[in-house]
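Values quoted throughout were computed directly from the atomic coordinates according to the rules given, and no laboratory measurement underlies them. These numbers were taken from a predicted model, which means no experiment stands behind them. Here Cβ is always computed from backbone atoms with ideal geometry, including for glycine, and neighbour counts include all displayed protein chains.
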Amino acid sequence: MFAVIKTGGKQYLVKEGQAIAVEKVPGNAGDAVSFAEVLLVGEPDGSGVKVGTPLVQGARVQTLLVEQGKGKKVDVVKFKSKVRYRRKYGHRQPFTKVKVEKIVSA
């Protein structure tokens with residue numbers, strides 16, 4: 001089974017047994033997390049595809065929270081010529097790694 005879920009303002013194509021990094025979800029490692037905003041559910045061979053309008057009713061994706069972390073550092077530089085203005089700072093986006101355990105379709 002595969003599904004398209006929506007979380008953190010993004011859409012992800014997930015399959016059972018797959019591990020993905022999504023925008024930060026509250027919780028600790030080992031917690032069960034369920035995503036209810038499922039946009040599409042289907043079989044690997046293409047038969048029995050359910051497309052939501054906009055969500056598939058009763059479908060959900062059950063995952064296991066693997067780890068909380070931060071992404072690679074992004075340097076942000078601001079510069080204005082001729083006025084001695086320079087600023088540099090960094091940002092690390094938090095993420096959550098989850099492992100898809102089961103896709104439940106209604």
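What the table below lists for this structure:
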{"read-out": "Relative contact order for the chain, counting Cα pairs under 8 Å that sit 6 or more residues apart, in percent", "value": "33 percent"}
{"read-out": "Unsatisfied cross-links (Cα-Cα over 26 Å) in the set 24/50; 10/78; 6/70", "value": "24/50; 10/78"}
{"read-out": "Whole-Hz couplings from phi, Karplus 6.51/-1.76/1.60, listed for the range 12-21; x for Gly and Pro", "value": "10, 8, 10, 10, 5, x, 7, 10, 10, 9"}
{"read-out": "5 angstrom amide H check on residue 102, placed H, neighbours 5+ away", "value": "62"}
{"read-out": "At most 10 other Cβ within 10 Å, DSSP loop - trypsin sites (Lys or Arg not before Pro), the chain", "value": "72, 73, 82, 84"}
{"read-out": "Amide H within-cut-off set for residue 33, under 5 Å, with H built and near neighbours excluded", "value": "63, 64, 65"}
{"read-out": "P(r) of the chain over all Cα-Cα pairs, binned every 10 Å from zero, in whole percent", "value": "14, 37, 22, 13, 9, 5, 0"}
{"read-out": "For residue 16, net neighbour charge (Lys/Arg +1, Asp/Glu -1) across residues whose Cβ lies under 14 Å away", "value": "+2"}
{"read-out": "From phi via Karplus (6.51, -1.76, 1.60), per-residue ³J(HN,Hα) for the range 74-85 in Hz, x at Gly/Pro", "value": "10, 8, 10, 10, 10, 8, 10, 6, 6, 10, 6, 10"}
